[in-house]
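Notes to accompany the following structure.
Just so it is clear, none of the values below were taken in a lab; they were calculated from the coordinates. Everything numeric here is computed off the predicted structure, so don't read it as measured data. For neighbour counting, all protein chains shown are included, and Cβ atoms are generated from backbone atoms with ideal geometry for every residue, glycine included.
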Amino acid sequence: MRLGPAEVRFTGRAEGDLGHGGAYVEIDALDPGVLARRAAVCPLPWTWLRQVHGDAVVVAKVPGDGAGTRADAAITDQAGAALAVLTADCAPVALASEDGVIGVAHAGWKGLLAGVVQETVAAMRDLGAVDVRAALGPCIHAECYEFGGSDLDAVAARLGDVVRGTTAFGRPALDLPAGIRAALADAGVTEVVDVDVCTSCSAGHWSWRARRDTARQAVVVWRSPT
Ligand SMILES: [Zn+2]
């Protein structure tokens, strides 16, 4: 899809496993098949991350910059740089501004608590972004995401009771898409496109919680080199 000046691709099973077998695999150990599948989605150099559910944001100064960094978000103002995060149930968020600054963030409940979405938008503004818009990709939805107790209270304390959902079985749940929207609104981003796909319900996506899938889909954001 288009998002302002950016191209955004949310992948699923059809594009194959785009992950790297865990957070701590070194970059030169990446499987050639993974590299080929990534190139088929976007042939530009990827800034991919060893995601740790934190709030660190990588600034890619040239295409491919920061690949393999332990972080959960990346931004750039460079055309020709592909920014990616890998997910199974956590939320992939694509960001872009008309100024040409783009970003990507990975957020589950820990990322929401850490404020990674707000940190990513703030870092984009530091690069000159003004009107930031967002796209939210496939992630686990409330009907499939039983979640409660003090962890849910903590997320609600940070982002409001809008994050409190209910599962299909009537149990307390985290409404992750609502949490992402609340975090984006907190950062002044109100224009949000949601593909509205639940990774647990969808036969076309990987889900850790539903099926213990170890493969990963991706969101990739880039501006084409001119
Ligand atoms: Zn579902």
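Need one word for the chain: rounded, prolate or oblate. Basis is the Cα gyration tensor (sqrt eigenvalues a ≥ b ≥ c); a/c below 1.5 gives rounded, then a/b vs b/c decides. All intermediate terms of the calculation are to be shown ahead of the outcome.
Values: a/c = 1.75, a/b = 1.24, b/c = 1.41.
Verdict is oblate for the chain.
Report the extension gain between Val193 and Ala157 in nm, rounded to one decimal, defined as 0.36 nm multiplied by the number of residues separating them, less their alpha carbon distance. Write down the numbers at each step before the final one.
Numbers: separation 36, 0.36 × 36 = 12.96 nm, distance 2.51 nm.
Extra length available between Val193 and Ala157 comes to 10.4 nm.
For Glu98, project a label point 7 Å along Cα to C-beta. Then give me every residue of region 105-133 with its amide nitrogen under 17 Å of that point.
Correct set: 125, 128-133.
Taking the Cα centre of region 145-226 as origin, sum charge times position over the Cβ atoms of Lys and Arg (+1) and Asp and Glu (-1), and report the length of that vector in debye to the nearest 20. Numbers along the way, then the final one.
Numbers: 9 positive and 10 negative charges, 69 e Å.
Computed about the Cα centre, the dipole is about 340 debye.
Starting from the Cα-Cα distance between Ala79 and Ala14, subtract it from 0.36 nm times their residue separation and give me the gain in nm to one decimal. Working shown, then result.
Details: separation 65, 0.36 × 65 = 23.40 nm, distance 2.67 nm.
Length gained, Ala79 through Ala14: 20.7 nm.
Tally the DSSP beta bridges in the chain and give the antiparallel ones as a percent, rounded to 5. Write down the numbers at each step before the final one.
Values: 30 of 42 bridges.
Bridges in the chain that DSSP calls antiparallel: roughly 70 percent.
Rank these for me by crowding, Ile180, Ile75, Ile102, going from fewest to most other beta carbons within 10 Å.
Values: Ile180 26, Ile75 29, Ile102 32.
Exposure proxy ranking, most exposed first: Ile180, Ile75, Ile102.
Looking at Gln78, Pro138, Gly4, which one has the Cα that reaches farthest to the positive end of the dipole of the chain (charges on Cβ: Lys, Arg +1; Asp, Glu -1)?
Pro138
What is the packing order of peptides 118-124, 5-11, 61-67, taking the mean over residues of other C-beta atoms within 10 Å and listing the highest first?
Details: 118-124: 23.1, 5-11: 21.1, 61-67: 16.0.
The densest-packed peptide leads the list: 118-124, 5-11, 61-67.
Under a point-charge model restricted to the Cβ atoms of Lys and Arg (+1) and Asp and Glu (-1), what is the dipole moment magnitude of region 47-132 relative to its Cα centre, in debye to the nearest 20?
Values: 5 positive and 10 negative charges, 67 e Å.
Charge dipole, region 47-132, about its Cα centre: 320 debye, nearest 20.
Please give the net charge around Glu143, taking every other residue with its beta carbon less than 14 angstrom from that of Glu143, where Lys and Arg add +1 and Asp and Glu add -1. Numbers along the way, then the final one.
Numbers: positive: Arg164, Arg171, Arg209; negative: Asp89, Glu146, Asp175, Asp196.
Computed value for this residue: -1.
Full-extension gain between Ala36 and Ala122, please, as 0.36 nm times their residue separation minus the C-alpha to C-alpha distance.
Details: separation 86, 0.36 × 86 = 30.96 nm, distance 3.31 nm.
Length gained between Ala36 and Ala122: 27.6 nm.
Using DSSP H assignments, which helices in the chain have an axial alpha-carbon span of 24 Å or above and a mean Kyte-Doolittle hydropathy of -1.0 or higher? List each step's numbers first, then the result.
Working: long enough: none.
Helix filter hits for the chain: none.
Say each of Thr214 and Thr226 gets a label point 7 Å from the Cα, pointing the same way as Cα to Cβ; how far apart are those two points in nm?
4.5
State to the nearest 20 debye the size of the charge dipole of the chain about its Cα centre, where the only charges are +1 on K and R beta carbons and -1 on D and E beta carbons. Present the calculation step by step, with values, prior to reporting the outcome.
Numbers: 20 positive and 27 negative charges, 86 e Å.
That gives the chain a dipole magnitude of about 420 debye.
Between Asp131 and Ala29, what is the label-point separation in nm under the 7 Å Cα-to-beta-carbon projection?
A separation of 4.6 nm, rounded to one decimal place.
Mind giving me the FRET efficiency for Asp186 and Lys61? R0 is 22 Å, r the Cβ-Cβ distance, nearest 0.05 is fine. Intermediate values should be presented prior to the final figure.
Working: r = 27 Å, r/R0 = 1.24.
Efficiency at R0 = 22 Å is approximately 0.20.
Listing Asp175, Asp194, Asp161 from the residue with the fewest other Cβ atoms within 10 Å to the one with the most, what is the order?
On the way: Asp175 23, Asp194 15, Asp161 10.
Fewest-to-most ranking of Asp175, Asp194, Asp161: Asp161, Asp194, Asp175.
As a footprinting exposure proxy, order Thr69, Thr166 by other Cβ within 10 Å, with the fewest listed first.
Details: Thr69 19, Thr166 13.
Sorted ascending by nearby Cβ count, the order is Thr166, Thr69.
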